[in-house]
Structure formats: structure tokens, C-alpha cells
Amino acid sequence: MGINAGHAQVVSTSAAPDWHALPVNAVLDMLDTSAQGLRGETAQARLAAHGPNALPAMRPVPAWRRFLRHFNDPLILFLLAAALVALLLQHVVDAAVIAVVVLINAIVGYIQEGRAEQAMSALRAMLSANAHVQRDGARIEVPVTGLVPGDVVLLEAGDRVPADARLLRGRGLRIDESVLTGESVPADKTSEPVAADADLATRASMLYSGTLVASGQASVVVVATGAATEVGRIGTLLGGVQAITTPLLAQIGQFGRRFTLLALVLAAALFASAVLWRDYAWLDALMIVVALAVGLVPEGLPAVITITLALGVRRMATRNAIIRRLPAVETLGATTVICTDKTGTLTRNEMTVRLVCTAAGAVQVEGSGYAPEGAFGPATGAEAARTAAEGVARIGALCNDARLQDVDGAWQVDGDPMEGALLALAFKAGVDVSALHARHPRLDEVPFDAGYRFMATLHAEPDGGALLCVKGAPEQVLALSRGQLDAEGSLQSLQPEAWQQAVDAAGAQGQRVLGFAQARLPQVPPGFGLSDVSDLVFAGIAGFIDPPREEARRAVAECRAAGIAVKMITGDHAATAQAIARQLEIADAPTVVTGRALESVSDAALPALVERTDVFARSSPEHKLRIVRALQSLGHTAAMTGDGVNDAPSLKQADIGIAMGHKGTEAAKEASEMVLADDNFASIAAAVHEGRAVYDNIRKVVAWTLPTNGGEALTVALAIVLGWSLPMTAPQILWINMVLTITLGLALAFEPPELGVMQRRPRRRSAALISPFMLWRIVLVSLLFSVGAFGIFGWAQQRGLDMDTARTMVVNVFCVMEIAYLFSVRYLHGSAFTWRGLVGTPAVLWAVAGVVVAQLAFTYLPWMHLLFDSRPVPWLEGGVIVLVGVALLVVLECEKWVLRRLDVFEELKHAPDPSVARTGETR
């Protein structure tokens, strides 16, 4: 058997045949192999042609290059230049402070940076180490990397599928494909061909690399290896996705470039003014300009932002949201749309029987999950319907291989999820399952197989006869039945049309449906097999659903109230997904689009379709990627949840990828920025709440830092331009900048969320870091600070105080005004004149205490007088300085009140009403 060179080319390209649509013999012929496998030398030749069955490794970025990238920022480069100038002027302490801040910022960014190659490593780790194959007519074990197209692989329960393969023979074969399709229950497999246009989840004749054999045995022929597999194709998609810059990083980058340019222009103009017009010595002028530039440039801003983000990470971890990359904290606050998986995130990932329908009537079943809690609810046909439903529950408990067990207070199923749900149903029906099995011990069975789509078990009867119990696809069980039980329990003729209507009605509600039947045999058959399953009495049907989480329902409502759209993207059936979406109230009338329908939509028309669609069913990795990109093209900040390998590309593409902590694959986790410890959508809503609070605090830091720095710079600049005496010396400017940045600025990082944070609309992705309101505040506060500084400076000179004392008073009034402004800026969306606002938080109180102690030392300690030319301030003048701070706070709060009444600035229009806000801020 030689290698077919022409075919070798076919299977290694995207033009590979539709293996799932071809008969087994045609597949073997095209692969130039047989059911007995390849010869050893043929396998070696193919291995040389196709390469190893492994995903290609990514070329890692050197660590030194990743570290240096954190210095490639205009603001950082400007600070480094300022540090160099300070060092040349022999101001070693100033230079060291600036350099340390820059270095810490780079180190933190380097540690927090995500490495995309880890996602690829997680994909490669999904492959098993060895596989059992047929070669040279014998069963041997070979490394998975040595598999080639045409190899015949033998699989059994618990094995991981090592390559994409076409099923040759199977017995009771069910494959857990959740990592690829998102299906919550294992898929039944058959060797029969399926339609050529079948999507991935319905290709019953195919097994895919990385999936798991849930039950049964199989013989398969390999059709694709390595990068040609579905997992490899996802890896290729993942490698082609460029990391998205978070809104905050984009805003800070834009701000840094503009601010650096502005600072350079102002510094040059001020230097020229001092030297050319005011006859300053060039060295003195240069030192003043450097001190002013260092005071103007918020060099502590990156560090304070980093600390703010880190505190957000800690708070989110307490709410089951684990952040893997620091900037993702803030991205959550900007989220405008959440694309979420269904199974396990919005739902419990626990199948539950919701409906039992018999000839006597339909019974609603209460309770959720596998816990044996709940009972039969509303019924049509009253007592007769309940009695008949109990009969269905007994059949489900006997024709069952699963076990329910209580693990640390949580009920879990060992076996098939739907069989676990049937055991829970039996408990709810009041059936003693142990006593039932003791009374009807199992004698034999016909295991489930995709070929005949049912399971049958034979049990002993106390009177010596036998009981045959069957469950499976309703149409198959109906075909094996000769009659049905009526409301009185008597045998009557079968009514298949009525049952089909009941099945269709349950399916329209998104329920998976099983049919149940039984037969009583006068004696135990000598040999029980498939042919003995006939002449059944149809008992009824049961509808299963993975119920939505109650907390997810509340979280969806909270997200919608916050202006965040929720879109479900799932591999499940359209009817099931739409039913869950209705129950969760994702939209008033959820619209559904299938993956197949998406494929016919052009890239140009896709954004409009995605915007108006609420549920995407039967979605492939390419579909998910297109959906996320379409949302981003509309300006959305998109969050994407996922757990499987198929979710990794879209998780990486999204502005924030959210992986599941419990059932998520390593590939999904490595491609994401956040991991949910409890796999619960409610934790996403909680994380959004924290993300908005973090962004608010970052804006407060910026809103406090820039005006206070601007006030210092404007005061000195005006003095130079107007030819007045300098109200502060260069060392005093640096003292203010050093003391206040590490105290008051840092305190804002610890601020709790303002009331109504989840009642606001999401901010626009294109919104600038410096909003019109903040720009107004920078100008206004800078002017007020200058007025206060020159007022104190002039008043001190009028009172006959010496120049050094007057300058000391200016330094103190700056500190007092910055403390007053801190209390105002803590509430950008509300008033500081409340008990909570005036008392402050522990962080604020400690920061104020630190500033007060530092200023008392600056003002009254002799050795500080030597360093900074400061002088003691008389107590009367000290009292006036404090009153200046109080006056500033009153002016700013009045300004805020007037602007809110005039509706001048957009961001103040959405300030929530306190009576409304308190309802959602109790967490």
C-alpha cells in the first residue's frame, strides 16, 4: 500500500473533502487505507509528508523586548528627559524620584502583560500522549504526534480523540464535544454519512481532535492531523487575532502624546520669557522650568492608576472574578455589550426534567438541577396525570446507568446528565430508587447506540416474569410500540400524531425530549438482544432543559438597566437558546440567527444584523469571531464569555475575554483577560460594577492631579511673565509635588463606588480621558489656585512679613486648597456636602493627616528651613490659610450645583437621583 501523493495534497489543504458526507468505503479509498490500518513504512512516509500531529509553536517575544516596550510612551520619555536634566543640574534626589516611578511602572506592566503563546501551548496540551492504532494488522501504541491520515485508531470511554477522524464502527459511542460546539450533553455518533452542509455539531459521523469519548467504543480512520484539524484551524484563527488595546490605555496614550507636546511648548516659551525678557540667568531659569515641568507632568499618575487597578483586581476576586491582565479591570466599566455562552454561564449546566406528558395529561415538574428537591407542580388531568407521570419516572429510574451523589452539599451526577435528571425526577415523584432496583433487579440490557437511538433494560419481576423498560428518541420508541396507556391505565391504540404534536410543543419551548415505554413479559427471554425490543406500551414523554440561573436573570436585568446589551452566542439549538433567552428576558422579544444564516451575510451587512440580533445559535469559532468584530466596528466595547477551545479566538479578539473557571479549557483561560471562579453570569455583572467604580476613581485621580499641578504651574508662569516675585522656589515646587502626590492622590484609589454607578449609560469608547467637564475643571481650579496663591502672597507682604515667610504661606495654602479640592473631587456625580462626603474614608483621613504632619514639619522644623528656605507661619495667618481652603470647597460645590441645573455638561446630566440609586447599591 503506497502513499497517494495526490491525496496527500488534498488532506493537507483547505480543499479537503466533506468526510462526514462520504460512505466509509469511499473514505478508506480516498485515504488509500483499509479497516486494518496502514503498513508501518507507509505511515512513516506519510509522517514525512504531513509532519507531526502537533500544533505549530509560536515564536515567543524576547523578555527584554517586552520589558523595553513599556518605556515607549511619550509621557514616560518626557519624564526620563526631565530626570536627565535634573541629574545634569546635580539635583540627584529629584532625578531619582522620577526614575524610580518610571521603573516601577514598567515592571508592573511587564509582570501583568499576557503572553499569547500560552494560549497556543494550552491548545497543544489538549492532545493525548499516546494512541492505539492498527498497523501491519496488529494493535500497537504510538505517540499521538506520529499519527497520519489513513491511520486506524481504536478508542474507548475516557480516551481523548487524538486527531480529526471519520467513524468506521462504533458501539454505544457518545462524544463530549463541548470544547468545540458548546453542547451541554454528549453527542451520539454513527458511521452513516450525513448531509454535506451539516454544521460541526451535527456531523454524527465525525470525531474531532481534543474531544472526549464519554461512552462506548469506536474504530476510526484519521482524516486530518496537526494544523489541518479543527483545533489546528482554531489555533490559526487565534494566531491571526491581534490583541485589542483597552479603552483606558488608548485614552492614556492619546493624553500622553498631547500633554507631552503641550508641556514642551510651554516649557520652551517660559524659558525664553525668563531669559530674554526678565533677565534671569539661564541656569536659574532652566532649573525653574525643570522644576515646573516636573510639577506639571503627573509623573505619579501611572503608578496611582496601577494601584487603582490593582485594588479593583482585589475587590473583583472577592466577587469570583479573577483578573489576569491589569488593564482589563477598567475595560469592564466601558463594556457596552456582553456576548455570553449559554450552558453553565446563564444556565446551571444541570439537565432538569421540566415536563412529563402522558395520555392522562401533562405535569409540570418543579425544582432545578440534580438535587432531589421539588415536586410535581401544576397538572392537566389532575391525579390521573400525576399517577401516570410517576410511571414514567419509574421507567426512567430503571433504564438508567447514572448515579447521583452529594459532594460537599452539592448534588452531582456520575454518568449521563439526562439520566441524572431522570433520577432526580424519580425522587420528586416519591419513588424509592433503591427499593425499586431491589424489587426489579437488572438482568440484561441493550445499550444506547446512535444507530437505533434508544436504550433498553430487562428486569426481573417478583412473580417470575420480566419487565422491559425503554427510553430514547420519541419517534423511535413510538415505532416500537403497539399501544399506549389511557387515563385509567388501560391499554388503548397508539396515537402517534398526538404524541408528535406534544413533542413539537416541548421542542418549541427549547426542551430536549425523550420517549418512554415498557412491556411485561411472562418469562425471562433466554437471550436478550435488540430483536427482543418490540411490542411496547408507550408511557409518555419527558421534556428536559438546562434551567437558567435565577441570579443570572437578575444580572441580565441589571446589565440592561445599565445600558449594556446582552447577546447569547451558543452552539446549541435555536429553539433551546431562544427559550432560555425569553426566560432570562435578554430582550423583550429575542431574535435568533443561526450560524448557517450568518454565513450568507456579507461583512458589510453583518454589523447591522448583529446589532439587532439577541441570540446566535449553532455558532462556529469563525461565526463568533465575526460577531465580535462586527460589534467592535460599531464602536462597541465587547466582552465575550467562553469555555471551549472554539471560544479562544473570539475571547482574544474581544475587548475583554471572560473564561469559565470550572469548566473552561486552558486554551480559553489563556486567551482571556478574566476568569470566572464560579462560571456565573452574575459575577460578570458584579465585575462590571467594580470596573465602573475603578474607572471613576481613575478619572478622580486625573481630575485632582491635573488642576492641582496646573495651579502650581500657572502661578509660577504668571509671576515670570508679569515680572513679579516668584511665590515659590524650585525646591518648594518639588516638595509640594512629592508630598501631595504620594498622599492625597493615592487616597482616591481607595474610594468606594458612588451611588448609582450601575444606573448610568456606558461611556463611549471614543470618549476622551479629559472630558469637556474635566477640562473646564482644570481651567477653573488652576485659576482659583492661582488667585488663592497670589492673594496669600500679596496679603503676607502687605502685613510686612519677609519673603521666605510669604513663600512658606503660599506652599501651605496650596496644600490646604488641594485637601479641599480632594473632598470635592471625590464626588464627580454628586455633592460632597453630605455626612459621608465630609467625614471621608479611612484612606482620605490618613492621607490628610500625613499631609498635615508633613506641612507642620516643613513650616516649623529648623532643619526643613535649611533645606527649603521655609519659615514658621504665625497662627493668625495659619487660620486664614485654612479658611481659604474652606472657601474653595464651597465655591466648587456651588459650581457643581449650578452646572447640574443648567445641564451644561453631558456627564452631569446622568447624575442619578439618590432615591433611585440606593436601590442598586447595596452590595
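Taken together, the values in this text are just the output of simple stated rules run on the coordinates, not laboratory data. All of these numbers come straight from a predicted model, not from anything done at the bench. Please note: Cβ atoms are built from the backbone with ideal geometry, for glycine as well, and neighbour counts cover all protein chains shown.
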### Query
Straight-line reach from K700: which aspartates and glutamates have a Cα under 18 Å away, not including same-chain ones fewer than 8 places off?
E299, E330, E690, E751, E754, E818, E893, E895, E906, E907
### Reachable lysines from K652, criterion Cα separation under 20 angstrom, eight or more residues apart if same chain
K342, K567, K624, K663, K669
#### Entry: For G540, residues with placed amide H under 5 Å, excluding near neighbours
F516
### Query
Can you give the Rg to Rh ratio of the stretch 501-630, both from alpha-carbon atoms, with Rh computed by the Kirkwood formula?
1.19
### Message
Can you compute the FRET efficiency between L261 and A767 using 1/(1 + (r/R0)^6), with r the Cβ-Cβ distance and R0 = 30 Å? Round to the nearest 0.05.
### Response
0.90
### Query
So how far, in whole Å, is the C-alpha centre of the stretch 843-891 from the one of the stretch 755-780?
32 Å
## Note on the structure
Computed from the beta carbon distance with a Förster radius of 60 Å, FRET efficiency for Q217 and L718 to the nearest 0.05 stands at 0.10
### Message
Taking amide H atoms as placed 1.01 Å from N in the peptide plane, list the residues 5 or more away in sequence, or in a different chain, whose amide H sits under 5 Å from that of L38.
### Response
D136, V152
### Message
For the ranges 728-737, 333-342, what's the packing order if you count other beta-carbon atoms within 10 Å of each residue, average per peptide, and put the highest first?
### Response
333-342, 728-737
### Query
What's the percent breakdown of Cα-Cα distances in the stretch 754-845 across 5 Å bins, shortest bin first?
2, 11, 15, 16, 16, 15, 10, 7, 3, 2, 1, 0
### Query
If r is the Cβ-Cβ distance from W846 to D401 and R0 is 60 Å, what FRET efficiency results, to the nearest 0.05?
0.45
### Message
Can you list residues from other chains, or at least 5 along the same chain, whose modelled amide H is less than 5 Å from the amide H of T340?
### Response
K567, M568, I569, T641
### Inter-probe distance in nm under a simple model that places probes 7 Å from Cα toward Cβ, at E611 and L530
5.5 nm
### Summary
Full extension between Q523 and D588 adds, at 0.36 nm per residue less the Cα distance, a length in nm of 17.7 nm
### Summary
The Kirkwood hydrodynamic radius of the stretch 352-545, taken as the inverse of the mean 1/r over all distinct Cα pairs, in Å, comes to 16.6 Å
### Task
Run down the lysines and flag those whose C-alpha is under 22 Å from the C-alpha of K189, throwing out any fewer than 8 positions away in its chain.
K471
#### Entry: Residue-wise HN-Hα coupling along the stretch 824-836, computed from phi with Karplus coefficients 6.51, -1.76, 1.60 (Hz; x: Gly, Pro)
6, 6, 4, 10, 6, 10, x, 8, 7, 7, 9, 4, 5
### Task
In whole angstrom, note down how far apart the Cα centers of the stretch 615-676 and the stretch 566-614 are.
15 Å
### Query
Could you state the principal axis extents of the C-alpha atoms in the stretch 593-717, from the largest down, to the nearest angstrom?
67, 37, 22
## Note on the structure
Ranked output for segments 22-29, 808-815, 310-317 by mean other Cβ atoms within 10 Å, highest leading, reads 808-815, 310-317, 22-29
### Query
Using a basic spin-label model with each label point 7 Å from the Cα along Cα→Cβ, how many nm lie between D903 and L861?
5.4 nm
#### Entry: Distance in nm between pseudo-label sites at A49 and L103 (7 Å out along the Cβ direction from Cα)
6.0 nm
### Summary
By the mean-Cβ-within-10 Å protection proxy, highest first, 442-450, 685-693 rank as 685-693, 442-450
### Query
Which distance in Å, rounded to a whole number, links the C-alpha centroids of the stretch 470-494 and the stretch 389-458?
19 Å
